[in-house]
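One structure is given below, encoded as structure tokens.
Every read-out reported here was derived from the displayed coordinates using simple, explicitly stated rules and does not represent laboratory data. Since we're looking at a predicted model, the values are computed, not measured. Because the Cβ atoms are built from the backbone with ideal geometry, glycine has one as well, and the counts that use them run over all protein chains shown.
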Amino acid sequence: FSWGRFRKITLRMFPVLNWLFSYRFREWILRDLHAGLSIGLFQIPQGLLGAWLTKLPLPNINGFLSAFCCSMTYVIFGTSHHISIGSFSILNVVVTNILQTLNFNQTLSSNGSQDNFSDPTFMKDYMEALTLTASITFLTGIIQLLLGCFCLGFVTTYVPKTLSDAYLAAAALHVIVSQFTFIFDIMLDFHKGPLDIFYNLFHFFLALPKANATSILLFLLSMAALRLNTSIIITYKHSPIAFPMELLLIVTVTIISNHIHFHAESSSAVVSMIPQRFLPPTLPDFSNLSKIILHAFSLAIVSYFLLVFVGERYASLHNYNIASNQELIAVGLCNICSSFFKSRVVSCAISGTVIQDKTGGRTQLAAAIGASMMLVIALKLGHFFRMIPNGILAAIVVFNVLPFLEKFLDIPILWRRDKYHFVIWLATFAAVLCFGLDVGLAIAMGFTFFIITIRSHRMKMVVLGQIPNMNIYRSLSIYRAAREIEGIKIFQCCSSISFANMNNFKTYLLHKMDMKAVPLDESEMRALISLSLSDVAEERKDLKCSCVCERPPPPPRIPYTEKLVKRHHADSDSSSSSVNLVHWSQYGDKLSSRTLLVGAAEAQCASPGFNMGLTTEKNEDEGRRACLSAGSAIDNSSVQLDKEEQPMHLPCPVHTVILDFSMVQFVDLIGSELLRQIIHMFHNIGIAVLIAACHSSVIADFEKNDFFDSCVTKERFFLTLHDAVLAALGKHRKPDEQEPTAEEFAEEPLAEQQKVEYLA
């Protein structure tokens, strides 16, 4: 225990202390007051308007107390400076659909009329529906709180910004469609299920003849005023602040609507019939737990991701960070508080968040001021706001979610920059738009993880060449100055090697070496197995019966199961042999020669490569046993070659393959096994495989995976690529060549290096 640690834990649990102790009163107080006043006045009619979508209206005092407590809870425990907590229209519709699924009677009919609250049967159903709603909200909060306590908020770390942008764009379209009810004054039953947004658009289109022209006109005028507001800029302390047009619209329309009757629907028709008495908190009803737990989990995930996506968007705009686990805890506590007032699941109120940002809010003090003003004004003057036409409030909501659709303009840029993220964006947007915020999020996350896995395991390799007279190696296909070293092939592996890309690694390597792998036949496999056994083997009998009390030894490890052959090209002479094998001959116990038998049209030879790469004499005998010495494997093969084919010796064969592992982060068990087999197969045809610039963690993985044996030793590993090249050249230097001096590989001046780097 230490006071420093106690202070750190306290600040982490109560993020409000971070900005409260560093609050710049003179610079920020007017901004937060301005933003708080705008948010507070907007939340009053917005809360009253929610009765139309929920079809299960709460008493005003319960709704406003719930909004106040949720806002203050997030002010204390939340880490975002701009999030406005409140109800989200799509989540309200989801909860309504859950109630309908569980056969609870809806309170409002499709035309907006209301049943008699004085009917005891109706009131019983009404209270049961509210209790179930509170149970769903409470269970949602508990799930979020548990996820946060177990630090599962890290999942958002693996979500790319492309997914969050597409998700918010699709959610914005869902919000806009949900506002059509208020724009056209048409009350419809929202379709639930896949493609619900298109069904709702179709039904709205059919009902357009019944639309209220006054409501549409008020909506268009409000949109024009809000659009004009973007041209008005107020500068305070050298920072721009948006003119409070939403505040001006609400105040002006509230005054006018209380003196002049608009022929448009308002929330008064519903709110005036709700019993205006406080409903005390009750214990959650978990009698339907098995039916609601999956719905609660879905709401918990959607509510959290929506909050984090919007929070990260504004955190990046204002250069600060949010804590994903703390956000889970904060929204979980908010939903638990909401359940005490029989309210619904809360999340980020997108419109309120946008208003808080553009009106200059700098901290959550703006949200606290807005929540306090909302509660005081709503309880004392709330009846004045009931007369505001719904079309004006819909215009404010629609206008403030439009910025989330601006990412449509970046789609061509995204296509040019990164096609993977372009595919993720389209898939996420289509999934959320067609299947909703919950199922669409699951599909988008699964698809994104699939794309990320494919991309991270996609094998990318390049062939390197040396910049003349320098120890710099660059891609032959990009740098014109790079030259391939005689007798050496250098491959740079630009990704980790795993089970997902190991076949691509092998295919690329053999293709560039103009070879292919063919399986060993039965006799060759027997020879390999016999070499893998002990030197002094007991004589086998046809039938042996014995009692074995100890654990039998593991079966011998086969170093490889394929052999390398030259590719047969289609344009070669038809008289050539179609099978060009690497042939070994053996006299006694020592390897005498290695010859590549090829057809008449493509004759080559394999020069005698160094034994086991760079091994010592002490390991030579062991290496020959593990690396399929001459006739023991191939001489017993049943393949017969034409007598006319004779070995031909050409001057420039490839004697060394160097693998640059400087960009390899890990090699898994399957990948290390494949790499070991490749080294054995190349060794069998006289080509040494060296590995350069391999990280120590990768070597540790090799050791754990039992990668090394008597043939594949650590002597094949070199600290740098240039060291591996020097070792290969020194081992295969011609007799008439002098040993290269250090001056030949000295580094050029920096200016010369930069010049060569950009020759391409």
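For the pair Phe666 and Glu484, label points projected 7 Å from Cα toward Cβ lie 3.5 nm apart. In this rough spin-label picture, where each label sits 7 Å from Cα along the Cβ direction, the Thr214-Leu30 distance is 4.1 nm.
The range 418-433 and the range 301-336 have Cα centres spaced 22 Å apart. Site pair Ser477 and Thr507 shows an inter-label distance of 1.5 nm when each label is modelled 7 Å from Cα along Cα→Cβ.
Which FRET efficiency value, to the nearest 0.05, do you get for Leu726 and Asp521 by plugging their Cβ-Cβ distance into 1/(1 + (r/R0)^6) with R0 = 30 Å?
On the way: r = 39 Å, r/R0 = 1.32.
E between Leu726 and Asp521, to the nearest 0.05, is 0.15.
Lys and Arg at +1, Asp and Glu at -1: add these up for the other residues within a Cβ distance under 14 Å of Phe404 and post the number. Display every interim value, and only then the final one.
Values: positive: Lys161, Arg313, Lys358, Lys407; negative: Asp165, Glu312, Asp357, Glu406, Asp410.
Counting the neighbours of Phe404, the net charge comes to -1.
Among 336-345, 285-294, 72-81, 143-152, the peptide with the highest mean count of other Cβ atoms within 10 Å heads the list, and the full ranking is 336-345, 72-81, 143-152, 285-294.
Highest mean first, the peptides 505-512, 372-379 sorted by other C-beta atoms within 10 Å per residue fall in the order 372-379, 505-512.
When the chain is fully extended, how far beyond the present Cα-Cα distance does Ile233 get from Ser456, taking 0.36 nm per residue of separation?
Working: separation 223, 0.36 × 223 = 80.28 nm, distance 4.59 nm.
Length gained, Ile233 through Ser456: 75.7 nm.
So if R0 is 30 Å, what FRET efficiency would Phe286 and Ile76 give, r being the distance between their Cβ atoms, rounded to the nearest 0.05?
Values: r = 28 Å, r/R0 = 0.93.
It comes out at approximately 0.60.
If R0 equals 51 Å, the separation of the Cβ atoms of Leu719 and Ala430 corresponds to a calculated FRET efficiency of about 0.55. Oblate is the label for the range 142-184. Its Cα gyration tensor axes, ordered a ≥ b ≥ c, give a/c of at least 1.5 and b/c at or above a/b.
Would any residue of the range 359-401 have its amide N under 18 Å from a label point 7 Å out along Cα→Cβ of Ile260? List them or say none. Flagged as within label range: 385-393.
Can you tally the net charge around Arg455? Count Lys and Arg as +1, Asp and Glu as -1, for every other residue whose Cβ sits under 15 Å from the Cβ of Arg455. Show your work: numbers first, answer last.
Working: positive: Arg417, Lys419, Arg458, Lys460; negative: Asp418.
Once all neighbours under 15 Å are counted, the net charge is +3.
Here the extension length gained between Asp125 and Leu17 equals 34.4 nm, from 0.36 nm per residue of separation less the Cα-Cα distance.
Between Val376 and Arg5, residue separation times 0.36 nm minus the direct Cα-Cα distance comes to 129.6 nm. With Cβ to Cβ distances under 11 Å as the rule, what net charge do the other residues near Phe309 carry (K, R +1; D, E -1)? Net of charged neighbours comes to -1.
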